[in-house]
Amino acid sequence: MAGLSSGPKFFVVALRSFLNLVVLCCLIVFTFEWLSLAVSNATKPVLWMIFFPIAHTSFITLWTGMEFTTLIRYHRWLGHLLMWMITFHGIAQYACWIHMGTWRSYFTNWNSVAILQKNDIFLAGSIAWIGAIPLWITSMDWCRRRFFSVFYRFHVLGFFIFILFSNMHWPGMWQPMMAGLFVYAVDLIFRVGQASQVSAITAAKVSEDGSILTWQLAADDELMQRIIRREQLAVRYAGPFGGASQAWDGSDVVVLLAGGIAITPMMGILRDLVARAESQSGRVPSRVYLLWSARTQSEFAVLHRSIAAATNIKAPSGHGQWLTIELHATSPINMPIMTESGRFKDELDAKPTTVTEEHLADPKNFKDRYSPTNTSPDGFLADLTPTVSKTSFRHASPYFFNSPRKMLPKYFGWFHFALVHLFVFLGGFLGLILSRAYNAEIACTRVGLGVNKYSWQAGLLEIVCMILGALGPAYLLLVFPGIVGRYLWRSRQNNASEWPSTQDLDSDHTAHLMENAIGFPEDGLRLPIAQGRLNIPQRLAEIRAAAGAPDFPGTGPKGKCNGIAFYVSGPDPMIGAAQRAVSACKIAGPPIFFRREAWSI
């Protein structure tokens, strides 16, 4: 009897387990469907925000005062968030299709009937996601900073693939990204208009006596041959982007820590501070420190004379320097040292050598041609940079004209800036209205064929018409006529002789590299270079202690220092060391406001 009763019991347990499994599978399918749709809807605010930070010149940078290098961080963060959301959306849909046994039909059918949205084209969505994955991978720091050309090309290609196929996947995809794309279109119009201008380079970094010219160029035989033949080189210019960073405003002490070439953003801050201190206009900190560490001493040669001269400015209290510059070289001396007279040590006793024209024509012997011991009687500078007399430079402009003109800004006043915005937004809306006529034509003439069959065409037409409407009228009516007008006026004037030569301009006040120092012998300026790495925690603690001294001229309560603005720009190990140094400052003293300056995109 026990054996007979165990059979029905086992059947009941098995049936219950099967029903539980069916219910669980249904819950999983419903959950995946619901989560996939929920994440898809959650991408809309991210798509709305992601394109705003990429505009170099926009009302956002002008109204908020934030620089492009700061805004681009938000674009990166939003981009990572968007890709994670899209990846989850796609994988959840794939898991649902696999469980339902419809993977092949849904993934490969261009006009498939969707589960929840009858106008979705699943294959187009898969192409958009797959096309965005290389964009995502190449935008990582390890690829973006080492292989920028790879990152840039994949970014452009992935952008177009994602924009076009995502709108074919869901025809209403343009709605959340429309505002950001319009702002980017305004910036693109300004940049294209500026890139089409042709100007002549008339200045170079040279020594005061015009005997030495310093260039750092990549080893390219074709480029060196063009330089030897003294041909004019076409260079595209873009910028400036954003404005001077003034996040230090209100701090009594400003500390600028830079590593290597990352001194670039610090130079902009320093120039602004020096200009305010010299003109005595605006709020100026009581103390400014520049802590610059580089591998080789030659990197310090980019320091401008005006910044070095600012070390002679007295502090507001009358005690000590207002600007303190500390240079640290982590590698031994690796280049010739210049003496106080402006001559290299290893060339003081050198005698001119006689060389042939064939010898000079070889790019490997470029140093022999333009060394300080082989200058012409008229001077090396006059030999290398003749007066600009050409009226046309081949391949210098994307258009039919190549005449040089004076460099102009991107836009001319607020009215022009606002007018371009108006034309971009109005043109984009008109393009969308024009594209919607296609949907009306389908609804009236193709009744019974189904909307889903033509939804991908409608989505593609909407995004293309919106982009063309935003870019075309604004550029053709507000930017291009000015370019053509300047070309026609320049052609009639034919006044190439008014372009100055290099010897007509002042030198860029390049610093001279001396023994364990850099300086400007003409002005008696000399800045020592310390060997070895900078001890960031120790130096920051010393600066903080000096700012907390009783005799410090602070603007805080009871005349104390109200804060230290600590700017850091450089490689990740230096930034990490600076962050740890700030965290270690736990004793009582002025607060430290840490800020990382972006020096690479």
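Every read-out reported here was derived from the displayed coordinates using simple, explicitly stated rules and does not represent laboratory data. Remember, it's a predicted structure, so these values are computed and weren't measured experimentally. Virtual Cβ from ideal backbone geometry, glycine too; neighbours counted across all protein chains shown.
Compare the peptides 528-539, 413-424, 464-475, 250-261 by average per-residue count of other Cβ atoms within 10 angstrom and give them in order, highest first.
Highest-to-lowest ranking by the protection proxy: 250-261, 464-475, 413-424, 528-539.
Apply 1/(1 + (r/R0)^6) to the Cβ-Cβ distance of residue 468 and residue 133, taking R0 = 30 Å, and write down the FRET efficiency to the nearest 0.05.
0.60
Just to be sure I understand the model, the point goes 7 Å from the Cα along the line to the Cβ. What's the resulting residue 583 to residue 99 distance in nm?
4.2
Apply the Karplus parameterisation 6.51 cos²θ - 1.76 cosθ + 1.60, with θ equal to phi minus 60°, to every residue of region 465-479 and state each ³J(HN,Hα) to the nearest whole Hz, in sequence, with x for glycine and proline.
Each residue of region 465-479 in turn: 5, 5, 5, 5, x, 6, 8, x, x, 5, 6, 5, 9, 10, 10 Hz.
Based on the mean of other Cβ atoms within 10 Å per residue, sort peptides 49-58, 155-164, 561-570 so the most packed one is first.
561-570, 49-58, 155-164
With label points built 7 Å along Cα→Cβ from the Cα atoms of residue 84 and residue 222, find their separation and express it in nm.
It works out to 4.5 nm between the two label points.
Under 5 Å between amide hydrogens, which residues at least 5 positions from residue 592 or on another chain qualify, with H placed 1.01 Å from N in the peptide plane?
Excluding prolines and chain starts, which carry no amide H, the hits are 564.
Once the Cβ-Cβ distance between residue 522 and residue 314 is put in as r, and R0 is 25 Å, what FRET efficiency do you end up with, to the nearest 0.05?
0.65
Can you tell me the FRET efficiency between residue 283 and residue 533 if r is taken as the Cβ-Cβ distance and R0 is 30 Å, rounded to the nearest 0.05?
The formula returns an efficiency of 0.35 here.
Between residue 444 and residue 302, how many nm apart are label points set 7 Å from Cα along the C-beta direction?
Once both label points are built, they end up 6.2 nm from each other.
From the phi of every residue in region 284-291, what ³J(HN,Hα) in whole Hz does the Karplus formula 6.51 cos²θ - 1.76 cosθ + 1.60 yield, where θ is phi - 60° and glycine or proline is x?
10, x, 6, 9, 10, 10, 10, 10
Quick query: amide H of residue 525 versus all other amide H atoms, modeled in the peptide plane; which residues come in under 5 Å with a sequence gap of 5 or more or a different chain?
Answer set, sorted by chain and number: 520.
Out of residues 5 or more away from residue 251 or on other chains, whose amide H comes under 5 Å of its own, with H placed 1.01 Å from N in the peptide plane?
Amide H neighbours of residue 251: none.
Per residue of region 93-105, what does 6.51 cos²θ - 1.76 cosθ + 1.60 with θ = phi - 60° give for ³J(HN,Hα)? Whole Hz please, x for Gly and Pro, Karplus curve as stated.
Values per residue, Gly and Pro as x: 5, 4, 4, 5, 5, 5, 5, 7, x, 10, 4, 5, 5 Hz.
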